[in-house]
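Remarks on the structure that follows.
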Amino acid sequence: MIDASQIGKRAWSYAGVLQQAGISCVEYVEQLTMLVFLKMADQLTEEPYNKPAIVPPELGWNPLLKLDGAALEKQYSDSIETLALKPGMLGVIFKGARCDIHNPALLKQLIVNLIDKEGSGSV
């Protein structure tokens, strides 16, 4: 299992890449937060937690893992915009959310290499 300082170092290394792509620190933190939320919500439905899904599966983490390119960017954008319309706390969390990462290759790197790779441990 990776520790928090290793995750922090890796997150900051991606921040530099995204800054060069024109994404501000604030935008990066917002996007990272939404992606981590989706990953954690998915993990809570698995062993040992087995909790009911709080994010509809078609809007959650797993569909993002299967896509690349424009399809990935569209799925992520559509998912967070749809989640913003949900009732209750889920809608509050995603209110005003939008996809600020318009480079699908960078989005894929964040999802697969930063969050999914490191997220295989505990929540």
**OP:** Would you mind telling me which numbered condition in (1) buried (at least 18 other Cβ atoms within 10 Å of the Cβ); (2) at pLDDT 95 or above GLY88 fails?
**Re:** (1)
Original post:
Does GLY16 satisfy the criteria of being within 17 Å of ASN113 (Cα to Cα), out of contact with any strand residue (DSSP E or B) (no Cβ under 7 Å at 6 or more places or on another chain) and modelled with pLDDT under 95?
Top reply: yes
Original post:
How many residues does segment 22-48 contain that are aliphatic (A, V, I, L, M) and in contact with an Asp or Glu (Cβ under 7 Å, 6 or more places away or on another chain)?
Top reply: 1
Subject >> Selection within segment 58-97 - within 20 Å of LEU110 (Cα to Cα) and among the polar types (S, T, N, Q) >> reply: ASN62, GLN75, SER77, SER79
Subject >> Cβ-Cβ under 8 Å pairs, at least 6 apart or on other chains, segment 69-97 side under 17 Å from ILE54 (Cα atoms), far side surrounded by fewer than 11 Cβ atoms within 10 Å (Cβ to Cβ) and of a type in the set (A, V, I, L, M) >> reply: GLY91/LEU85
**OP:** Filter segment 40-64 down to residues that are exposed (fewer than 15 other Cβ atoms within 10 Å of the Cβ) and either without any contact (Cβ under 8 Å) to a residue 60 or more places away in the chain or within 14 Å of the chain's Cα centre (by Cα) (or both), then give me how many there are.
**Re:** 11
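The values are calculated or read from the model by the stated rules, or taken from the named source; none is laboratory data. Note that the coordinates shown come from a computational prediction; the quantities given were computed from them, not determined experimentally. No Cβ is skipped: glycine too gets one built from the backbone with ideal geometry, and neighbour counts run over all protein chains shown.
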